[in-house]
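Colleague: There's a structure below that I have some questions on.
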Amino acid sequence: MSWHVLGAGSLGTLWAARLARAGLPVTLILRDEKRLADYRRAGGLSLVENGQRTLHPLPAETLADTAPIHRLLLACKAYDAASAVAALAPRLAPKAELLLLQNGIGSQEEVAAQAPHARCILVSSTEGAFRRADFEVVFAGHGFNWLGDPLDPTPPGWLAQLEQAGIPRQWTPDILTRLWRKLALNCAINPLTVLHDCRNGGLAEHPAEVAILCAELGELLEGCGQPAAAEHLHDDVQRVIQATAANHSSMHQDVAAGRRTEVAYLLGRACAVAERHALDLPHLRALHQRLLAHLAARGLPVH
Ligand code: NAP
């Protein structure tokens, strides 16, 4: 059974190239005929690992193709996920499985609403990759992938294929805890790096601001039924700030490059959930307002 990979960007290329080189059948889904022509001109996907570039001439089709899809790796940004799946919905086989690689919380529900009969498997990834050119991706940071299904703890039969492809992974019944923890780390670090225009390590100069955000994020996680994601959050945030001191956060990179951010699924989602649970978290709210003003001033979307 073929893997379909939607989104030949950073993570889509990283996953598709590894699955294909393990001999597994992979088909790319690109947005339209123009992107398909661009892809054909590029001759395939290029993955750069340890300075070595390998070319993977995988078969590709557009959203408008009609072949049925049994297993789809959704590797677009959170704000594109629901519309992409809506476009593919007629092609999903009755027991289709969707692997959702999106960061943050919220896009998973939007996707599930577009494909109510599909099984949605959520993925939390700490691997790092970036696009150096069109269809050329650099594998920049080794990491790990947690997979899980909040509605069904049974692991899928194809997990061994990820092993075979060298994709580090673990099935977990606590995938929501993982996603919420990652969201909290993101909320404590990324917006401040944008507002202070600094690398992650620069936040060591703003310890009080980081500490109060961690306290409010902890309150949020406990208030919304994710207490395990709140444990030792401040320690973990400080550890990440130190361990990634030289890096620019993904949100900082997006803003610097004039790209849309995933704020609505990260800090925006945190503030919306706080409001729904009637939690008063003034510093988190103020951070969100400052961030949205910063984005708007640069002509970037605030959702
Ligand atoms: P990316 O490099 O921007 O790639 C997204 C891809 O999705 C693009 O190639 C885009 O196509 C494609 N796409 C969007 N809508 C589409 C549609 N309707 N049909 C077909 N293709 C479509 O994004 P990314 O960095 O891989 O991030 C994907 C998700 O993974 C995000 O939620 C991100 O936060 C998360 N994540 C990323 C990393 C990382 O290191 N990159 C790590 C952990 C988590 P075009 O090329 O035509 O624009």
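Colleague: Among what's in the stretch 49-104 and is among the acidic types (Asp, Glu) and within 20 Å of the chain's Cα centre (by Cα), pick the residue that is nearest to the ligand (Cβ to nearest atom).
Modeller: ASP80
Colleague: Now for a different question. Does any residue of the stretch 47-56 turn out to be surrounded by 18 or more Cβ atoms within 10 Å (Cβ to Cβ) and farther than 26 Å from GLU262 by Cβ?
Modeller: Checked the stretch 47-56: at least one residue is surrounded by 18 or more Cβ atoms within 10 Å (Cβ to Cβ) and farther than 26 Å from GLU262 by Cβ.
Colleague: Pairs under 8 Å by beta carbon, first residue of a type in the set (Asp, Glu) in the stretch 65-88, partner more than 9 Å from the ligand (Cβ to nearest atom), six or more apart or different chains?
Modeller: Correct list of pairs: ASP65/ARG91.
Colleague: I've got another one for you. Could you look through the stretch 11-35, keep only residues that are surrounded by fewer than 17 Cβ atoms within 10 Å (Cβ to Cβ) and not basic (Lys, Arg), and pick out the one that is farthest from the ligand (Cβ to nearest atom)?
Modeller: We begin by selecting, within the stretch 11-35, every residue surrounded by fewer than 17 Cβ atoms within 10 Å (Cβ to Cβ); these are 21-23, 25, 32-34.
Retained after the next criterion (residues that are not basic (Lys, Arg)): 22-23, 25, 32-33.
Values: ALA22: 20, GLY23: 24, PRO25: 19, ASP32: 8, GLU33: 12 Å.
This residue is GLY23.
Colleague: Which numbered condition trips up PRO168, out of (1) under 21 Å from ASN247 (Cβ atoms); (2) crowded, with 17+ Cβ neighbours inside 10 Å?
Modeller: Every condition holds for PRO168 apart from (2).
Colleague: Next question. Kindly establish whether HIS252 is crowded, with 19+ Cβ neighbours inside 10 Å and within 24 Å of LEU176 (Cβ to Cβ).
Modeller: no
Colleague: Moving to a separate point now. Among the residues of the stretch 105-127 satisfying the criterion of being within 12 Å of the ligand (Cβ to nearest atom) and in a loop (DSSP other than H, G, I, E, B), which is surrounded by the fewest Cβ atoms within 10 Å (Cβ to Cβ)?
Modeller: That would be THR126.
Colleague: Considering only the stretch 2-10, I want to know if a residue exists there that is farther than 18 Å from VAL138 by Cβ, of a type in the set (S, T, N, Q) and either away from the ligand (no atom under 14 Å from the Cβ) or assigned to a helix (DSSP H, G or I) (or both).
Modeller: yes
Colleague: Now, a different point. Please name all residue pairs, on different chains or six or more residues apart, with Cβ atoms under 9 Å, provided the first residue is in the stretch 247-260 and is of a type in the set (Lys, Arg) and the second residue is surrounded by fewer than 19 Cβ atoms within 10 Å (Cβ to Cβ) and not in a loop (DSSP other than H, G, I, E, B).
Modeller: ARG259/GLN253
Colleague: Considering only the stretch 175-189, I want to know if a residue exists there that is outside any helix (DSSP H, G or I) and of a type in the set (Lys, Arg).
Modeller: Initially, the stretch 175-189 is screened for residues outside any helix (DSSP H, G or I), giving none.
So far as the stretch 175-189 goes, no, none of its residues is outside any helix (DSSP H, G or I) and of a type in the set (Lys, Arg).
Colleague: Within the stretch 51-64, which residues are closer than 19 Å to LEU19 by Cβ and out of contact with any Phe, Trp or Tyr (no Cβ under 6 Å at 6 or more places or on another chain)?
Modeller: Across the stretch 51-64, the qualifying residues are GLN52, ARG53, THR54, LEU55, HIS56, PRO57, LEU58, PRO59, GLU61.
Colleague: Looking only at the stretch 171-199, which residues are of a type in the set (Lys, Arg) and surrounded by 19 or more Cβ atoms within 10 Å (Cβ to Cβ)?
Modeller: Those that are of a type in the set (Lys, Arg) and surrounded by 19 or more Cβ atoms within 10 Å (Cβ to Cβ): ARG178, ARG181, LYS182.
Taken together, the values in this text are just the output of simple stated rules run on the coordinates, not laboratory data. Predicted, not measured: the structure shown is a model, and the values here were computed from it. FYI the Cβ positions are ideal-geometry reconstructions off the backbone, even for glycines, and counts take in every protein chain you see.
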